[in-house]
Structure formats: C-alpha cells, structure tokens
Number of protein chains: 2
Amino acid sequence: MAKYAIGVDFGTESGRALLVDVADGREVASAVHAYANGVIDDRLPGSGLRLPPDWALQDPNDYLEVLKHAVPAVLRESGVSADDVIGLGIDFTACTMMPVKASGAPLCFLPEWRDNPHAWIKLWKHHAAQPEADRINETARRMGEAWLDRYGSKISSEWFFSKTLQILDESPEIYEAADRLIEAADWVIWQLTGVETRNSCTAGYKAMWSKREGFPSNDYFRTLDPRLENVVDEKMSRDIAALGGKAGGLTAEAAKWTGLKPGTAVAVANVDAHVAVPASTVVEPGRMVIIMGTSNCHMVLGVEERTVPGMCGYVEDGIIPGFFGYEAGQSCVGDHFAWFTENCVPAAYARGAAQRGVSVHQLLEERAAALKPGESGLLALDWWNGNRSVLVDVDLTGMLLGATLATRAEEIYRALIEATAYGTRMIIETFQANGVPVHEIVATGGLPDRNKLLMQIYADVTGRPIKVAGTHQSGALGSAMHGAVAAGAAAGGYASIVDAAKKMAHLRADAYTPNPAAKAVYDRLYAEYATLHDYFGRGANDVMKRLKTLKAAMRG
Amino acid sequence: MAKYAIGVDFGTESGRALLVDVADGREVASAVHAYANGVIDDRLPGSGLRLPPDWALQDPNDYLEVLKHAVPAVLRESGVSADDVIGLGIDFTACTMMPVKASGAPLCFLPEWRDNPHAWIKLWKHHAAQPEADRINETARRMGEAWLDRYGSKISSEWFFSKTLQILDESPEIYEAADRLIEAADWVIWQLTGVETRNSCTAGYKAMWSKREGFPSNDYFRTLDPRLENVVDEKMSRDIAALGGKAGGLTAEAAKWTGLKPGTAVAVANVDAHVAVPASTVVEPGRMVIIMGTSNCHMVLGVEERTVPGMCGYVEDGIIPGFFGYEAGQSCVGDHFAWFTENCVPAAYARGAAQRGVSVHQLLEERAAALKPGESGLLALDWWNGNRSVLVDVDLTGMLLGATLATRAEEIYRALIEATAYGTRMIIETFQANGVPVHEIVATGGLPDRNKLLMQIYADVTGRPIKVAGTHQSGALGSAMHGAVAAGAAAGGYASIVDAAKKMAHLRADAYTPNPAAKAVYDRLYAEYATLHDYFGRGANDVMKRLKTLKAAMRG
C-alpha cells in the first residue's frame, strides 16, 4: 500500500498544502487557501486603527484556516485515506513572530489586547524595527559579540530580536503580557501537536542562536535593555529542536481540523527557503540552491565553519544536519524586471505585445535574447532595492551606464538581467574565496520557468551549470519530505532528510550549460561590474548615500 | 519710407527667408522652402548609388531653389517693394563644403562627375571622415602645431580639412578636378554676387584659419599628405572677408531669381549659430548665448585671447568684430528628451497624455515640475551622444544613478534635464576659470519656448539669470541684420553689427531668475556630477570606452 506525506507551505498571502507519494515524491494533490486578512499593513482588523508606515502584520487565525481547508482539500482531491498519510511537515516565512500566553493563545485573540497592533503577528516584511536593529548592531559591535560575524556583521530589522525590542520599546505592556515570544512556524506546530517546540532553522538564522554557543549572553541582552536580560529564559526556550526531528503527534483537535488521524507524525517546523534545498535534491556541499523570484535567495552547504562577509547568515545543521547552512541574498531580481516593464517600456512595445498576444515580458525577452553579450554596450549595478549580499547596504541604489541615443528597451532589460547575474557571481566568488566552494547551481522558484534567457545568462556569467528543481512547489515538497522523515523508516518514511531527498526530490531533464564564448565576454564585463561595485559600494564614492540623504531631506 | 533687409537661413532640411524692418527688427514676413533632395544619406539622386554609413550629402540646386522661392514669397506676402530692400544676408550650417570648378559650377552638376558621391556637398553631419580627422589631429600633435589649442586640442571629423582629406583619400580624381573647395555658404554668396568670397567665420571655426596666423603651414599640409601641400593656394584662398562686410551687389541673374534689385547689397556669409549672437542682443563680453535645440551651442565673446580647454574653437572677429568669439557645445540636449520619450516612457503615460490632449513631453514636464531639486535621488551624466565640451570625447556614454523600485519616468526625465544643465555649468565654469567671464545667459532656439521647466533648472543650476531672445528665427534675423550692415548707414542700414543689434535685436519680457534655495541644492548635486564627470571622463575609469570597444567588436 502506498504511503503519503503532506507538506504545508505558509506563504505571505496564502498557504498551500501538497500531498505527495513518499516512495518517489510524486505530487498527487495540492490546494491553496488564501489568508482572509492577508498582509495587514493599512488598518488593524476590528478597530480599524491605522498602522504606521513599514508595518506588516498577520492574523494567526488565517494559518489555522489553512489547516482546516487546504489539508482536507488535498485528501478529498486525491482520494487518499488518512490512514495512509504517515507524516505532516510545514514551512513558513521568517522571521514571522508573535506574542502568546503560556496556553499558546495569541495575545491578539484576547479582547483586552486585540486593538493593540503589537499583539498581532509581525510578518517577515514588517520593516518598522530599524531603530531597534541599529541598536542591536551597535551594541554588539561595541561589546565585540562574536556571533555578529555569522550574519555578515549586520542583524536585519526583520529578525527576531529587532521585532521583540520594538514591542518592548513601543508597547511594554504587551511585552509584559506575553508569556512566550515565538516564531509563527513554531506556534503552528504547537497548535498541531500540543507541544511548544522551537526549530533550529529560525532560531539560527533569525534569532542569533547557534548549536555550539546558544543565544547571545544575558549580559548582552541586559546591555541592550535591562528589561531584556532574561528574555530567552522567561519568554523563549534554550531547548531547540533539530531539523528533521519529530515535534510530536497530531492532537485530536488538530486531527479534526485537518481530517488526518490523531497521532500522525508532525515534523519540526522549517523556513520556506531552507526546506527548498533538499526538495531541490541538494543535501551535500558544492551545489548552490538559488530560489529565484522577486528576490534571489542563495543557499549552500559547507563542511566547515567559515565566516563569509556579507552573507545573511550561516547556521550549523540549519538546512541539512551535519553541515553548515550558508545563506546569501539579492534584494531585487524579479521585482527589478517588473519595475522596468511597468515604468520604462514604451507604448509601442505594449502595442506590439498585445497584437501578438504575448506579454511585454515575453516580447522583451525575445528581443533581448537576440542580442549578443556585450552588444548593447550597457552595464548596470543591480541595486534598485539596495544590496543584501555581499555589501549589506540598503542605501545603495541602481545605476545604468553606457546608454546612447540608439539604446533600446530590450537592451536595458538585458542589462538588468545581466546585472543580477553579476550580483550572483559576486556572491559565489565571495563564498569561494572564503572556503565555501560552489560548482553547480540548482534553481527553483518562479523565474526559472518564466525566463529561459535569464537562466542561460546566469550560467554564462557564473560559469556554472544550472539545473532546475523538478517541483514547482519546493517549499511544500520539502515540508512533505520532512513529514516523511518525522514518520520514520519503520512507518514507511525515511530515516533522514538525505534518504528522503534521494527518493522524493528530482531535477528536470533540461539544464543550462555555460557557453564558453559568452563566458569569455562576461568575464570582461564582470570585471567592469566588480570595479564599479567596489567604487560605489565600498566607500570610494558614497554618492548614492548622499543622494539618498538629500532625497529624504527634500521630501521632508 | 521704411527700409527692409532680408535674411536667409539655410538649415539642414530647408531654407527660410525673413523680411524685417531695418528700423526696429520687426519681422514682417517669412517663408520656408524645403530642399527637394533634403539630406542625402541613403542613395545618390540619379544613379541611386547606395551611400556608406555616416554619409550625409546635399544638392546645391536645393539652395538655389530657396533663393528662387522663399525670397520672392516674402516680398509677395509683405507687399514690400524690392526698391525698399536695402540688403541681403545669409547664414548656413557649417562645415558644409563642396568641390566646384573655377566657374563656380558644382562638380555634381557636371554629367561626368554626377555619379561620384564625392562630387556632391558634404553636409555638416557627414561623419565618414573620422579616420582623416584622426590623422589631422595626430599629425598636428606630432608637429606641435600651435593652432590645435584653439580647437580644444581636437579637430572634428565634420570640419573642412577632414572632409577635404576624405575626398583626396577616396576619390583623388574629384580632388584633382575641383578647381575650388568651398563652404556652401560662400558658394551661395558667389552665386548671388558673381564674386568668390570666403567668410572669416567658417574659415576660423572650421578651417583652422586665424586673422593673425592664417592657415596652417604648407609644411603641415605636406606632412599630412604630399598632394595637399598647396591646397590653400590651389583650391582655396588666403583672402578672407571679415564678417559684417559687403560681399558685393546682387547680379542681374540673382536679381531675377529673388525678385530683388540688381546691385542690392549682399553681406559676407555667416554661420547659423554665430549670426544668432547679435540677433540675441549680445555684442559684448560676459553674456553667453546658448542655442538650445537637439544639441546646445554656447557662444560668448572675450576681450582677450584665452585657451579654454575642450571648447569647439575660438576665432578673433569670428562672431563680432573686435572680440574673440568662443564656442562650446553639448552634443545631446533635445535629442536626449526625444530619445527618452520614445524609448522609456510607459504606455500609461502615452494614454494619460492622449486623454488630456497633451503631448507626452508636456505630461512629463508637468509631473517633473512638481518635483523639488534632489527629491528624485537621481543623478545622470548627459553623455548619450558623447561629450563635446569640455571633454571632447565621442566615446563617452550616458549614465543614470540613484534608481530605486519607486523611481518614476518623470523623475528620470527631470534628471536628464538636470544633467544637461550640469553640463552647461561645467562649460561656464571652465570658461570662467580660464579668464572668459559669463554673468548672464541669453537663450534662443527651439527649447526655450517648449520647456519652461528646463529654463528654470538651467537658471537654478548655473546660478545665472537667463533671458530669452525676442525672435524665434535668430539665424534669419541675424542674417538680415548683416544685410543691413552690408547696405551701410548711408543707404538706411547700419555702420556696424553693434549698431544694428541695438535697434533690430530684442529680448522677451520674461526671464528666469535663479532661485537661491534650489541653487543651494543644485550646488551639492553639481559637486557630485563633477566628481563622476571626472571619474568617468578623465581616465580614472575608462569603462565607457571599453564597453564601446566591446560593443563594436560584438557587432563586428
């Protein structure tokens, strides 16, 4: 009898359940449930309270609704019996965190706190805690905290303690009322199993925890704010569950929500990007997974601990047990092309695309594909949304150079694609130079399907072959794989995520091989990119920052 | 009885005649006649011979047709009697040159040469003589020729001896058959008066002649090419007529063409840009005339001889007798905005403009005008068509910096306008630093009418008040003024161009005054521009040139 596992991928706007065959990873059924309250960035549900700029909240009930609708839907659609579902895994956006009572009840469910925005979930893209992130970084630098190096020397405003400190700063009563501060991913697992479990992935990448050193010291937290001294012991936990482990069995109530059997194995929670790595067949060093979408997320495994400048972070056992999981990022990839298409493509192209019944993107890609490397004479710096890796500087801005009166839209479009490829090469070369080798790329996410030109340019620019993950739902598939591991081999699952990946994860047949002639031209162009990258990005000419300061002043 | 003068402005596509009242410059009638053969850049008329890239020829008959149609038309339209027209002046594009027989017959009129493209007029924008210009510059540098400094250390491919040398290189039989090599402007005067006259303006600005030193030495010409040793004495003339002089009286035949009286005073020919200076009221140092159109041409008078780096040239008596006439240029101004509007403005703007019945330019200008200086965070280098002054480098290219995902088309549009204003300020500051002061700007040409935002930005960026010439036809008015001077005071005209300008040239009432707050912001932005201008333009990073070389190689 075939056995199945279910993965649930909690995204920014909706959750997706995927039911897969444990034997070979075949995707049998999938269902999406949109969050009723979506991203809360304008008014608080209920009171209608207006939120300040840069806020982004979520409603925990929306996650429960995904469990109640999307999971039953895949059972129904597939006709698979709950008896044959051996495990359940989930992955989440992160850091997406919330204050809850000791019972697990979210503060925002309680009438006395419901109208306080700090009682709600702070979504990953809540960006209002920058002052707190600045204090965290400054204090860490002053105290010489060693853990700072693991995060490219900079903690993000998106991360756990930035958001925690914002709650403390702006609403100490919520901080006080919160018995627990917890990642939403771990809260969902708690609701499913009845057991508070904290996963090592979010702890490591978002909350400065490491397997060897634990959390930053109480001394550090006290220096940051005396009230924060015992935050870990009072409101979190030092008991961090390894990835691939079983968090518990499904409670009777959760079984009712989902239609699964009570006691079904539930895996420790995971992060969407990180769970995509084994789902893309990568369980060993040397093969970089890039999730390509609005932004790029680069993940690679290493045998040894290495400090790589400008990375988002590295965590031991953070992706695959037994390895250091390294993460880097580019802030603006798909967003870049969307911006260009909306703001810079002339009316004639829109008309031409409409006449042929293709999208403007497709038309641009066709015309850009007809160009040879170097033929446009253009070179761009891909910093329209700042630079995450390797410069870690949100105040850098985009640059385009080489324009003439004969420059056409498709040439600029191709130059922007190339710029993001140079940015990826800069990340790979920084990994390599610091002892984390990368010899192959596996792409996943939305772009590999939509933009073959981009894929070939990435292969040519990086000089690495690029393979493409077989699944379009690498988050949900990876979660299902973790569910199968939580069930264990005896139940028809797997003993480890490595074993699961061997059977359940696949690559597509098509791949992109670097063209040596194109690579030779791109080597020259990349050298120019690297020179300008350092000139504008490493202090020789801080014109971008001065312009940004002036811009802010003029907008008052 | 009122007296009148006629100016004929020979442009790139057509000629315009303007009849003005000598007393006050009132523009009584004007008529345009389009050239039948226009710009010949594809196939030679008659044979249909395909022309190589970068060629641009004209047909001398088209100029005669202007005399035969546009001049009679203004007489007809105004009802003015030929008896009351005391003088005629013309201005021309330059260097626009041609090979003719001793009789004045253009070689291209002769059946035996008509199918040879070198027999035709080489228009100012014929750009196929770059290898010859390179040899001229290289030879001059090697021989330490002092005159090179007068032209920003670089002779253009557009100029007289570049074109002459191309004829010699590619068609020695045409060089041999040409009894005379002459500016089209001077050839038209020859046709009008029967006398071969060569004007000091084109000789000075385009043929390396100076009042004090004459032409380059025969030794220089021999070194360039032995066959060229005696080019000046054999095919040109050392007899150069001062501006403001009378070339002669109208011949009987020319009187028939034009409907004017035989013997009517005809002025020495002039160049369109230079004749616009007195027509804009400028007959003294310190007031810069900028002709703003597809490109910008900057002219200012100086009391002393100064070598100013990167200028197009300076000529004693070249604009107004008694002064050194200094000329600088920007290669890409109106062309820049046209390129942007055609290639970078999204469909939504085209729709928005169409709905309101305004042009896309107007819509952009409105939205750009609502922005404050510095508010976009953008900065551009205005080198989409290379840089004429002060870097004299056609291989430089455009750059835009500071873009974000929130950047909008009107912000880029404004940044491009600002970039051309910074380019003008760079020219003004270079003049100032080398002893040629500029305290006021007088604008003329097509842009001042069409783009008030641009005018205010130029005032704010340069910190100089900008006035606007009263006429929309500064070329034709200036020519008419020269016609009135050729007639002389006794005939009801003027003794000098200075006297003529006092009466016949006017400014508009409206003017643009620098806004001190905007100026302060632009001072900061200009400092950033100047740093990038030098970084990319003076050798610190020659990336633009390397990209251009690569581009040419890839297009192979």
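The values are calculated or read from the model by the stated rules, or taken from the named source; none is laboratory data. No experiment lies behind these values; they were computed from the predicted model shown. Don't worry about glycine lacking a Cβ; one is built from the backbone with ideal geometry, like all the others, and counts go over all protein chains shown. Side chains included, ligands, DNA and RNA excluded: accessible areas come from the protein's heavy atoms. Shrake-Rupley method; radii C 1.70, N 1.55, O 1.52, S 1.80 Å.
Taking Rh as the Kirkwood radius computed over C-alpha pairs, what is the Stokes-Einstein D of the protein assembly as shown at 20 °C in a medium of viscosity 1.002 mPa s, expressed in µm² per second? Answer from the Stokes-Einstein relation: 64 µm²/s. For the listed peptides B:39-47, A:43-51, A:383-391, a ranking on the average number of other beta carbons within 10 Å per residue, highest first, reads A:383-391, B:39-47, A:43-51.
Rounded to a whole number, what is D in µm²/s for the range B:329-478 from Stokes-Einstein with the Kirkwood radius over alpha-carbon pairs (4 °C, 1.567 mPa s)? The estimated diffusion coefficient comes to 79 µm²/s. Describe numerically, in nm with one decimal, the distance between label points set 7 Å from Cα along Cα→Cβ at B:N218 and at B:A348. Result: 7.1 nm between the two label points. Only Cα pairs under 8 Å and at least 6 apart count here; give the relative contact order of the range B:244-400 as a rounded whole percent. It rounds to 16 percent for the range B:244-400. Magnitude of the charge dipole for the protein assembly as shown, about its Cα centre and with charges confined to Cβ atoms of Lys, Arg (+1) and Asp, Glu (-1), is about 520 debye. Amide H to amide H distances under 5 Å link B:S210 with B:F215, where only residues 5 or more positions off or on other chains count and H is placed in the peptide plane.
Taking the Cα centre of the range A:187-333 as origin and assigning +1 to Lys and Arg Cβ atoms and -1 to Asp and Glu Cβ atoms, the resulting dipole is close to 360 debye. Name the residue from B:A505, B:F536, B:A520 whose Cα lies farthest towards the positive end of the charge dipole of the range B:498-556, charges +1 on Cβ of Lys and Arg and -1 on Cβ of Asp and Glu. Ranked along the dipole, the leading option is B:F536. Each copy carries a label point for A:T12 at 7 Å from Cα along the beta-carbon vector; from one copy to the others these points are 4.7 nm apart, nearest first. Normalising by residue count, the range A:1-160 has a Cα convex hull of 158 Å³ per residue. Working note: Cα gyration tensor of chain A, eigenvalues times five, square-rooted, sorted largest first, giving semi-axes of 37, 29, 23 Å.
In this calculation the C-beta distance from A:E366 to A:M1 is compared with R0 = 45 Å, giving a FRET efficiency of 0.35.
Listed values for the range B:72-88 are Karplus-derived 3J(HN,Hα) couplings in whole Hz (6.51 cos²θ - 1.76 cosθ + 1.60, θ = phi - 60°), namely x, 4, 6, 5, 4, 4, 7, x, 6, 7, 4, 4, 9, 8, 8, x, 9, and x replaces Gly and Pro. Once the C-beta distance of B:S359 and A:A252 is scaled by a Förster radius of 56 Å, the resulting FRET efficiency is 0.20 to the nearest 0.05.
Checking the a/c ratio against 1.5 first, then a/b against b/c, what shape does the Cα gyration tensor give for the range B:133-225? Since a/c reaches 1.5 but b/c is at least a/b, the shape of the range B:133-225 is classed as oblate. Magnitude of the charge dipole for the range A:510-556, about its Cα centre and with charges confined to Cβ atoms of Lys, Arg (+1) and Asp, Glu (-1), is about 440 debye. A protection proxy built from the mean count of other Cβ atoms within 10 Å ranks the segments A:182-190, B:532-540, most packed first, as A:182-190, B:532-540. For the range B:342-349, the Karplus equation 6.51 cos²θ - 1.76 cosθ + 1.60, evaluated at θ = phi - 60°, returns couplings of 6, 10, 10, 9, x, 4, 4, 6 Hz by residue, with Gly and Pro reported as x. Annotation for B:N61 and B:S47: the two label points, set 7 Å from Cα along the Cα-Cβ direction, are 1.6 nm apart.
Listed by chain and number, the lysines whose alpha-carbon sits under 29 Å from that of A:K256, ignoring those within fewer than 8 places in the same chain, are A:K3, A:K68, A:K101, A:K122, A:K246.
Dipole of the range B:311-423 computed with +1 at Lys/Arg Cβ and -1 at Asp/Glu Cβ about the Cα centre; of B:S331, B:L378, B:A347, farthest Cα towards the positive end is B:A347. Modelled spin labels at B:M143 and B:A105, positioned 7 Å past Cα toward Cβ, are 3.4 nm from each other. Viscosity 1.306 mPa s, temperature 10 °C: what is the translational diffusion coefficient of the range A:408-476 from Stokes-Einstein with a Kirkwood Rh over Cα pairs, rounded to a whole number of µm²/s? Estimated via Stokes-Einstein, D reaches 122 µm²/s.
Convex hull of alpha carbon positions in the range A:242-365: directionally averaged projected area 12.1 nm². Quick one: check the C-alpha center-to-center distance for the range A:38-100 versus the range A:406-431, whole angstrom. Their Cα centres are 36 Å away from one another. Close amide H contacts of B:A247 (hydrogens built in the peptide plane, cut-off under 5 Å, sequence separation of 5 or more or a different chain): B:V266, B:A267, B:V268.
The A-B contact accounts for roughly 4500 square angstrom of buried accessible surface, both chains included, probe 1.4 angstrom. In the range A:40-173, if the dipole is taken from +1 on Lys/Arg beta carbons and -1 on Asp/Glu beta carbons about the Cα centre, which of A:H69, A:P52, A:G79 is farthest to the positive end? Farthest towards the positive pole: A:P52.
Per-residue shielding of A:330-337, expressed as the average number of other chain Cβ atoms within 10 Å of the residue Cβ, stands at 1. Based on the alpha-carbon gyration tensor of the range A:89-139 and its eigenvalue square roots a ≥ b ≥ c, which shape applies: rounded if a/c is under 1.5, prolate if not and a/b is larger than b/c, or oblate? Since a/c reaches 1.5 but b/c is at least a/b, the shape of the range A:89-139 is classed as oblate.
Here A:Q355 yields copy-to-copy label distances, from shortest upward, of 2.5 nm, the label point defined as 7 Å from Cα along Cα to C-beta.
Among the GluC sites (Glu not before Pro) in the range A:1-91, those placed in a DSSP loop whose Cβ has at most 15 other Cβ atoms within 10 Å are A:E13. Comparing the range A:239-302 with the 2.2 N^0.38 Å rule of thumb, its C-alpha radius of gyration ratio is 1.46 (two decimals). Between B:V271 and B:F92, the built amide H atoms are under 5 Å apart, and every one of these is 5 or more places off in sequence or on another chain. Here's the list of lysines a cross-link from B:K519 could span, going by alpha-carbon distance under 26 Å and ignoring same-chain residues fewer than 8 apart: A:K545, A:K548, A:K551, B:K372, B:K452, B:K467. In order along the range B:251-266, the Karplus-derived 3J(HN,Hα) couplings, from 6.51 cos²θ - 1.76 cosθ + 1.60 at θ = phi - 60°, round to 6, 4, 5, 5, 5, 5, 4, 8, x, 8, 7, x, x, 3, 5, 10 Hz, and Gly and Pro are given as x.
Mean residue ellipticity, 222 nm, helices only, chain A: the sum of -39500 (n - 2.57) across DSSP H runs of n ≥ 4, divided by residue count and rounded to 500, is -12000 deg cm²/dmol. Each copy carries a label point for A:V498 at 7 Å from Cα along the beta-carbon vector; from one copy to the others these points are 9.5 nm apart, nearest first.
Protection proxy ranking of A:231-241, B:148-158, by the mean of other Cβ atoms within 10 Å over each peptide's residues and highest first, is B:148-158, A:231-241. For the range A:536-555, backbone nitrogen atoms closer than 15 Å to the point 7 Å from B:R524 Cα along Cα-to-C-beta are found at A:542-555.
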